[in-house]
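Written out below as structure tokens is the structure these notes cover.
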Amino acid sequence: MDSTRKLFSLLSVSLLLGIYLPCVKTSSDYSNLVYKNCTSQQKFTGSSHESHSQALSFLLQELLRQSSQSRFFKSTAGGDNNAVSGLFQCRGDLTNRDCYECVNTLPEILSKNLCTSKAVAARIQLNGCYFHYETDEFIEEGFNRHELLHKICGEKGADIGFEELRDEAFAAMESGVIDGHGFYSGDYSSVHVLAQCEGDLGGCNCGECVISAAQIAQEECIGSISGQIYLDRCSISYSYYPYGVPGNKYHDQVLFQASVYGEKEVRTHEDSGAVQLRKRRGPKKCSSHGMKTRYKSARANVTWNLDEEITSVVERNT
């Protein structure tokens with residue numbers, strides 16, 4: 001009877017994990033399209049359209065060559081009257097080969113009329129990399145350095161205490177992205193977070209951008225167990241796993257306990273002790289950059305100033 005009960009519990013946990021856990025990404029997933037932004041502000045004449053197309057082609061060729069040895073590169077192609085500036089950036093945890101393969105799909109994607117050759121500016125975001133270009137004559141009106149370009153909020157249905165865990169993960173992410181020189185990927189209990197800033201955005205500016213993205217996620221993705229926020233100079237994502245992030249010891253321990261004691265007992269124990277908020281302190285050095293963001297946990301009624309934590313990380317890197 002006990003062995004039957006344990007087997008049933010294990011099967012129940014496995015079925016629940018099948019609902020919550022996304023498929024493991026393969027290298028081919030890096031080239032999946034997330035979103036595109038195209039701007040056609042002016043009409044090209046026959047000769048100017050040809051010059052623009054040639055400059056864009058040369059730019060893509062140069063970026064592709066660089067993608068085999070770098071995860072971020074900016075360049076300009078064309079003459080004074082038809083110059084096109086652009087960049088690519090790959091996710092910080094991609095290998096050089098994966099980065100090259102991701103960037104190599106961009107010309108094909110552009111050729112599928114996602115953005116016409118007459119677009120004066122375009123941004124193509126894939127899972128593993130993105131490409132942005134604009135003509136030198138194009139001036140974006142109403143520019144906002146923390147402009148929201150795209151958001152994806154996952155399904156709702158998170159457990160009680162999830163938002164506190166997510167905010168703690170955000171706090172670790174916001175300091176970690178500075179410590180990681182513009183890239184951070186990590187687990188906090190049952191939450192996996194990832195943040196990346198544009199390659200030439202560093203220090204407090206990077207941290208400030210990530211804070212803005214985290215605030216948007218809090219406001220726009222209330223109750224969602226996953227989310228992706230893309231700003232003009234940075235992006236973040238988070239995913240919540242009720243039984244722990246796959247691959248870490250916490251996840252394996254919960255699975256074992258669930259197979260022995262059953263799902264209800266494990267989840268009850270987990271909910272009672274999962275959220276332990278810590279107050280972080282550090283010298284204020286990024287305050288002059290306007291980093292006054294504060295988070296509040298309604299469950300524990302604890303607040304902490306994120307600019308203090310981020311400042312301490314900046315000092316360790318200077």
Apply 1/(1 + (r/R0)^6) to the Cβ-Cβ distance of S111 and H181, taking R0 = 41 Å, and write down the FRET efficiency to the nearest 0.05. 0.75
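Quick check: residue separation of S48 and N127 times 0.36 nm, minus the Cα distance between them. What number comes out in nm? Write down the numbers at each step before the final one.
Values: separation 79, 0.36 × 79 = 28.44 nm, distance 3.30 nm.
Result: 25.1 nm gained on full extension.
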Just need the Rg to Rh number for the range 27-135, please, alpha carbons only, Kirkwood Rh. 0.97
T95 and I160 label points (each 7 Å along its Cα→Cβ direction) are spaced in nm at 4.6 nm
Which order do peptides 178-186, 73-81 fall in by mean Cβ count within 10 Å, highest first? 178-186, 73-81
Expected unfolding gain across E219-H150 under the 0.36 nm per residue rule, minus the alpha-carbon gap, is 23.4 nm
Under a plain spin-label model, where a point goes 7 Å from the Cα along Cα-to-Cβ, how far apart in nm are Q69 and N81? 3.5 nm
Extension reserve of the F58-S40 stretch, reckoned as 0.36 nm per residue once the Cα distance is removed: 4.5 nm
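Coordinate-derived values only; no laboratory data. The structure presented is a predicted model; accordingly, all values stated were derived computationally and were not measured. Here the Cβ is made from the backbone with ideal geometry for all residues, glycine too, and neighbour counts use every protein chain on show.
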